[in-house]
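Colleague: The structure's right below; bear with me while I get my questions together.
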Amino acid sequence: MKILLKNIKELLQIRESGLQKVAGEAMNVLPSFKNAWLLLEDEVIKDFGSMNTLAETSADKIIDCTGKMVLPTWCDSHTHIVYAGNREQEFVDRIKGLSYQQIAEKGGGILNSAKKLQATSEDDLYEQSSKRLAQVMRSGTGAIEIKSGYGLTTAAELKMLRVAKKLGQNYPVAVKTTFLGAHAVPTEFKGNKDGYMNLLITEMLPKIAQEKLADYVDIFCEEGYFSVEDTNKLLTAGNSYGLAAKIHVNQFNAIGGVQAGVVHDALSVDHLEVLTEEDISVLKGSDTMPVALPSCSYFLSIPYTPGRKLIDAGLPLALATDYNPGSTPSGNMNFVVATACIKMKLTPEEAINAATINGAYAMGLSDTHGSITKGKSASVMITREIPSYGFLPYDFGNNNIETVIISGKIIQ
Ligand code: NIG
Ligand code: FE
């Protein structure tokens, strides 16, 4: 199937193949063609150019993009979209004055979601999660990372990862899966964190590796959850099974998680709402991608990751949603891009780079996603008629994405 997009007002994020990520000042550049065409063939980008170079082409479908922008679909490198039920009650508790940490201490939070998920059948969990996946695809997400971490027993963690894998098989979106058994210490192991660490390393990890259910390993490195020592142990074990790390660090406290991630060559360190000068200098000279999750900051009313500072220090930055029932019940990357501009002072160019090519890097997908490049996945979105791409974050909260094509399939 050939799809030709013609009369594109501006075709954005055109890159040479091989580019893995952009950092520092280069993030402020968004290469584009004005008045362009783009040809998709089956699942890949076949060719593109300026309208004056468009030869007679036979296509099965021609889409006139007059007045509209075309860009690669969003790459959401951090989500927890496989979960059961919701945590609406905790939302109200927070409105009434309790903090996220106080709710967790009362047995709410991650443990609340784990209880619900353990009691939910695999089929039901798939049904609930697939609705969320379909929704984020419609808003322009073409590649997504999905974590476990609401199971907290071997059976329930495996169930979550099987559901995530199945979503990747049944939908055109690219899915990467991450084992986050170390999300919280479950009730049965209260006061015995080492016992749970042992279960994670000697039982869950080997099974998950054997069944090839995860691409990456993650841990919530935070006061009251898992220590730097736990992080070192788990990442070492993960590496021995070939699982690179993508970890939750510095959400509420800087306890050395960034350093631990860099030592273990983590693919990404995510959250970073609380960041020290030392964290920034450790990230320099590493291949680890810092990932900001501005919707989480918005929803929990916690500080925003100092993205401006990271980019000004010459570092790369990726943006992701963190879609989960507790801290971010939203998977809309358009809101993330707008909030990064509004609250973190990223320019539209920086935010779009962070949500496309750098997001792809943060899930090991730079070779296939995140830019308009011949041979990459035919995953693109067409905007409504808008004056410029800066209008996307400016017009926050309004949907300016008209058509989404993922892996050559037009999403309805
Ligand atoms: O990334 N902070 C750790 N994990 C999730 C939230 C989990 C939850 O509250 O259910 C996050 O924000
Ligand atoms: Fe998260």
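Colleague: Can you tell me how many residues within the stretch 138-171 are open to solvent by less than 40 Å² (accessible area, probe 1.4 Å) and under 23 Å from Phe335 (Cα atoms)?
Modeller: Counting residues in the stretch 138-171 that are open to solvent by less than 40 Å² (accessible area, probe 1.4 Å) and under 23 Å from Phe335 (Cα atoms) gives 9.
Colleague: Against the condition more than 20 Å from His80 (Cα to Cα), surrounded by 22 or more Cβ atoms within 10 Å (Cβ to Cβ) and of a type in the set (A, V, I, L, M), how does Met197 come out, does it pass?
Modeller: Yes.
Colleague: Scanning the stretch 277-295 for residues that are in contact (Cβ under 8 Å) with a residue 40 or more places away in the chain and not in a strand (DSSP E or B), which turns out nearest to ligand 1 (Cβ to nearest atom)?
Modeller: Within the stretch 277-295, the subset in contact (Cβ under 8 Å) with a residue 40 or more places away in the chain is 289, 291-295.
Next cut, not in a strand (DSSP E or B) only: 293-295.
Details: Leu293: 7, Pro294: 12, Ser295: 10 Å.
Checking each candidate, the answer is Leu293.
Colleague: Still on this structure, please answer the following. Would you please name the residue that is least open to solvent (accessible area, probe 1.4 Å), looking only at residues in the stretch 183-192 that are assigned to a loop (DSSP other than H, G, I, E, B) and without any contact (Cβ under 8 Å) to a residue 60 or more places away in the chain?
Modeller: Looking at the filtered set, the residue picked out is Val185.
Colleague: If you don't mind, there's one more thing I want to ask. Within the stretch 264-293, which residues are of a type in the set (Gly, Ala, Ser) and within 16 Å of ligand 2 (Cβ to nearest atom)?
Modeller: Those that are of a type in the set (Gly, Ala, Ser) and within 16 Å of ligand 2 (Cβ to nearest atom): Ala266, Ser268, Ala292.
Colleague: Quick one: would you say Ala55 is more than 18 Å from Leu346 (Cβ to Cβ), among the hydrophobic types (A, V, I, L, M, F, W, C) and modelled with pLDDT under 95?
Modeller: Yes, satisfied.
Colleague: Quick check on Leu180: is it crowded, with 22+ Cβ neighbours inside 10 Å, touching a residue at least 60 places away in the same chain (Cβ under 8 Å) and either assigned to a loop (DSSP other than H, G, I, E, B) or of a type in the set (A, V, I, L, M) (or both)?
Modeller: For Leu180, the condition - crowded, with 22+ Cβ neighbours inside 10 Å, touching a residue at least 60 places away in the same chain (Cβ under 8 Å) and either assigned to a loop (DSSP other than H, G, I, E, B) or of a type in the set (A, V, I, L, M) (or both) - is met.
Colleague: Identify, by number, the condition in (1) assigned to a loop (DSSP other than H, G, I, E, B); (2) more than 22 Å from Leu133 (Cβ to Cβ) that Gly331 doesn't meet.
Modeller: Gly331 satisfies all of (1) assigned to a loop (DSSP other than H, G, I, E, B); (2) more than 22 Å from Leu133 (Cβ to Cβ) except (2).
Colleague: Which count do you get for residues in the stretch 214-235 that are open to solvent by less than 10 Å² (accessible area, probe 1.4 Å) and in a loop (DSSP other than H, G, I, E, B)?
Modeller: 1
Colleague: Any residue at all in the stretch 240-249 that is open to solvent by 10 Å² or more (accessible area, probe 1.4 Å), within 15 Å of ligand 1 (Cβ to nearest atom), assigned to a loop (DSSP other than H, G, I, E, B) and under 25 Å from Lys193 (Cα atoms)?
Modeller: No, the stretch 240-249 has no match at all.
The values are calculated or read from the model by the stated rules, or taken from the named source; none is laboratory data. Remember, predicted model here, so these are calculated numbers, not experimental data. Neighbour counts run over all protein chains shown; Cβ positions are idealised from the backbone, glycine included. Heavy atoms of the whole protein, side chains included, go into the accessibility calculation; ligands, DNA and RNA do not. Shrake-Rupley method; radii C 1.70, N 1.55, O 1.52, S 1.80 Å.
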